[in-house]
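One structure is given below, encoded as structure tokens.
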Amino acid sequence: MTTVVALWRIPSARLALVLLAGVAFLALFGGALAPHDPLKQYTDDVLQGPSGAHLLGTDYVGRDVLSRLMEGTRLSVIGAVEAVLIGGLLGVPSGLASAWLGPRLEWVTLRVGDTLVILPFTVFAIAVAGTLGNGLQQAMIAIGILLSPIFYRVTRAAALGLRKVQYVEAAELMGATEWWTLRRHIWTKVLPNVAVTAAHATGAALLVVASLAFLGLGVTPPAPTWGGMLSSDLGYLAQQPWAPIFPALLMMATVGSLNLLADAIRDATGATDAPRRRTRSAPSPAREENRDVVRA
């Protein structure tokens with residue numbers, strides 16, 4: 001609770017949370033609140049600008065842009081969150097295990113992580129889609145696997161720093177089990193690092209999902225996504241030069257808010273832990289000399 005209060009006191013965190021709350025609202029209720037069917041084609045209003053009937057205009061086949069943005073937010077956000085969850089579920093437990101269960105497991109996990117790090121997201125996602133079929137779930141599995149080394153390295157680094165602290169060693173000497181020590185002393189200190197990593201990874205996953213949709217992978221047309229709308233709008237820039245602005249602004253606001261939130265979480269957790277790390281300064285020689293004079 002102290003961390004949440006400290007986070008809310010940061011202006012950039014408040015702005016990021018408000019924007020992300022709006023995006024989450026669109027992801028949950030955007031399709032139900034859309035003014036038009038996002039797939040319906042108004043053939044008499046093709047490539048129309050913003051108007052009373054269509055607040056953001058229509059696309060190249062007459063579909064309402066606002067409705068497609070509201071519906072496309074759900075698929076884009078759900079895909080990114082799913083990829084981050086997969087990456088966290090694979091990376092966080094393996095990072096804790098590698099720091100706790102001995103050098104053999106550590107060597108194996110490090111080699112696997114190094115292998116995954118060098119794989120490019122888009123190429124690996126295309127390979128998985130070609131093997132398992134083109135779909136959102138297949139693409140998110142591929143992205144989640146490639147995000148897992150990020151969670152693994154952050155979790156392992158934080159756990160290694162806590163492995164030899166005195167209160168952990170004291171708990172082990174008192175007979176505490178490894179599971180109790182991880183849950184009580186390690187996880188609460190590792191969690192802020194995981195939260196920062198998750199915020200950054202979600203922003204990166206949103207961009208990767210948009211890139212795959214731009215290429216026609218993951219979510220296939222005519223289902224709306226931010227990347228898919230950008231791809232279709234680029235072919236009609238001469239008629240609608242403003243069209244790519246709407247999905248691009250929504251994407252930029254979401255990714256920027258996630259990065260601001262990650263920085264704010266880092267600042268809030270650092271401010272919370274700062275008093276605990278303070279130590280009393282050693283007395284100066286002059287002060288000791290004055291004490292001896294007074295005693296004399």
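Throughout, read-outs are computed from the coordinates displayed, never taken from laboratory work. Fair warning: this is a prediction, and the values are worked out from it, not measured in the lab. Here the Cβ is made from the backbone with ideal geometry for all residues, glycine too, and neighbour counts use every protein chain on show.
Going by average Cβ density within 10 Å per residue, which order do the peptides 27-36, 258-267 take, highest to lowest?
Descending packing order for the listed peptides: 258-267, 27-36.
Which ³J(HN,Hα) values in Hz, rounded to whole numbers, follow from the phi angles of the stretch 239-244 under the Karplus curve 6.51 cos²θ - 1.76 cosθ + 1.60, where θ = phi - 60° and Gly and Pro get x?
Once rounded to whole Hz, the list reads 8, 9, x, 8, 4, x.
Pulled fully out, how much extra length does the chain show between Ala157 and Asp114, if you take 0.36 nm times their separation in residues and subtract their Cα-Cα distance?
14.0 nm
Can you compute 3J(HN,Hα) from phi for each residue in the stretch 13-23, using the Karplus curve 6.51 cos²θ - 1.76 cosθ + 1.60 with θ = phi - 60°, rounded to whole Hz and x for Gly and Pro?
Working through the residues one at a time gives 5, 4, 4, 5, 5, 5, 5, 5, 5, x, 5 Hz.
Count neighbours as other Cβ atoms within 10 Å of each site's Cβ, and list the trypsin sites (Lys or Arg not before Pro) in the stretch 37-142 that are DSSP loop with at most 13 such neighbours.
When the trypsin sites (Lys or Arg not before Pro) of the stretch 37-142 are filtered for loop state and at most 13 Cβ neighbours within 10 Å, Lys40 remain.
Sort 130-143, 83-96 by packing, meaning the average of other beta carbons within 10 Å per residue, with the highest value first.
The packing order, highest mean first, is 83-96, 130-143.
Computed FRET efficiency, Cβ-Cβ of Ala21 and Thr188, R0 35 Å: what is it to the nearest 0.05?
0.85
At 0.36 nm per residue, and after removing the present C-alpha to C-alpha distance, how many nm does the segment from Leu249 to Leu132 gain when stretched out fully?
38.9 nm
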